[in-house]
1. Counting only residues that are in contact with a strand residue (DSSP E or B) (Cβ under 8 Å, 6 or more places away or on another chain) and closer than 30 Å to THR8 by Cα, give me the strands (runs of 3 or more DSSP E) lying completely in segment 25-111 with at least 1 of them.
2. Kindly evaluate LEU56 against the criterion of being open to solvent by 50 Å² or more (accessible area, probe 1.4 Å), within 26 Å of THR104 (Cα to Cα), touching a residue at least 12 places away in the same chain (Cβ under 8 Å) and out of contact with any helix residue (DSSP H, G or I) (no Cβ under 6 Å at 6 or more places or on another chain).
3. Taking LEU71 and the conditions (1) in contact with a Lys or Arg (Cβ under 6 Å, 6 or more places away or on another chain); (2) closer than 24 Å to THR157 by Cβ; (3) free of Cβ contacts under 8 Å to residues at least 60 places away in the same chain, which numbered condition does it fall short on, given that it satisfies the others?
4. In segment 90-100, which residues are within 25 Å of LEU17 (Cα to Cα), touching a Lys or Arg at 6+ places or on another chain (Cβ under 9 Å) and open to solvent by 30 Å² or more (accessible area, probe 1.4 Å)?
5. Which of the residues that make up segment 15-32 are open to solvent by 70 Å² or more (accessible area, probe 1.4 Å) and over 26 Å from the mean Cα position of the chain (by Cα)?
6. How many of the residues in segment 92-116 are closer than 11 Å to ILE45 by Cβ and not basic (Lys, Arg)?
7. Of these, LEU63, LEU82, LEU103, LEU69, which one is aliphatic (A, V, I, L, M) and open to solvent by less than 30 Å² (accessible area, probe 1.4 Å)?
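The values are calculated or read from the model by the stated rules, or taken from the named source; none is laboratory data. Predicted, not measured: the structure shown is a model, and the values here were computed from it. Methodologically, a virtual Cβ is constructed for each residue, glycine included, from the backbone with ideal geometry; neighbour enumeration extends over all protein chains shown. SASA here: full protein model, heavy atoms, side chains in, ligands and nucleic acids out. Shrake-Rupley method; radii C 1.70, N 1.55, O 1.52, S 1.80 Å.
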Amino acid sequence: MGWTRTSTKLLHEGPFLSLFSDAVIRPDGSTGAYEYVSVDDAVRIVALDEQDHVVLVEDDFCLQERRLLHLPGGGCGGQDPLAAAARELEEETGLVADALRPLTVIDPLPSATAARTHLFLATDLRPGTLHRDDTEAGMTLHWRTFQDAVEAVRAGTITEAGSVCALLLAEHAHRPQPRG
């Protein structure tokens with residue numbers, strides 16, 4: 001049961017991704033080819049301040065041909081996901097989180113890549129240093145109340161998979177607890 005690889009062929013190798021084609025035996029016993037992309041795991045961070053605001057970034061995305069509002073994050077680049085989350089948060093927002101905890105890990109495109117996205121909740125924010133790279137030159141920073149960000153997910157304004165999942169997962173963890 002399951003898939004069996006009989007060979008792997010590298011079709012393209014670039015600085016950020018590689019494209020492969022495997023000869024496979026499918027679960028039903030038939031043979032064929034399976035193409036997939038190899039990229040680094042990624043992180044997305046829900047960063048909340050003391051006033052119940054979440055930091056979002058907006059950037060141009062080539063394939064979508066539009067700007068997308070999303071949570072800070074990016075590729076792990078070989079780093080441990082926790083370290084990558086701390087790095088990406090500071091690089092894109094200029095913020096450092098004194099508390100950074102995992103929410104979950106998702107498989108955003110399991111039929112196209114084995115790459116996973118690690119989702120984090122960051123609190124106890126303080127100023128750091130902005131370090132955006134050349135691909136993030138047009139990135140802008142936005143603060144919204146946490147509830148407004150969750151509503152933006154429901155309204156289809158925030159559509160990036162990691163951001164959608166992280167905000168909805170953090171919504172439950174962030175709900176005020178009844179006082180008793």
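1. So the answer is 31-38, 42-47, 73-75, 95-106.
2. Here the answer is no, as LEU56 does not meet what is asked.
3. Among (1) in contact with a Lys or Arg (Cβ under 6 Å, 6 or more places away or on another chain); (2) closer than 24 Å to THR157 by Cβ; (3) free of Cβ contacts under 8 Å to residues at least 60 places away in the same chain, the lone unmet condition for LEU71 is (3).
4. GLU91
5. Hits for segment 15-32 are ARG26, PRO27, ASP28, THR31.
6. 7
7. Residue meeting the stated conditions: LEU69.
To keep it simple, each residue is scored yes or no on (1) touching a residue at least 60 places away in the same chain (Cβ under 8 Å); (2) open to solvent by 40 Å² or more (accessible area, probe 1.4 Å).
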{"residue": "LEU119", "(1), (2)": "yes, no"}
{"residue": "LEU125", "(1), (2)": "yes, no"}
{"residue": "GLY128", "(1), (2)": "no, no"}
{"residue": "ASP133", "(1), (2)": "no, yes"}
{"residue": "ALA137", "(1), (2)": "no, yes"}
{"residue": "ARG144", "(1), (2)": "yes, yes"}
{"residue": "GLU151", "(1), (2)": "no, yes"}
{"residue": "ALA161", "(1), (2)": "no, yes"}
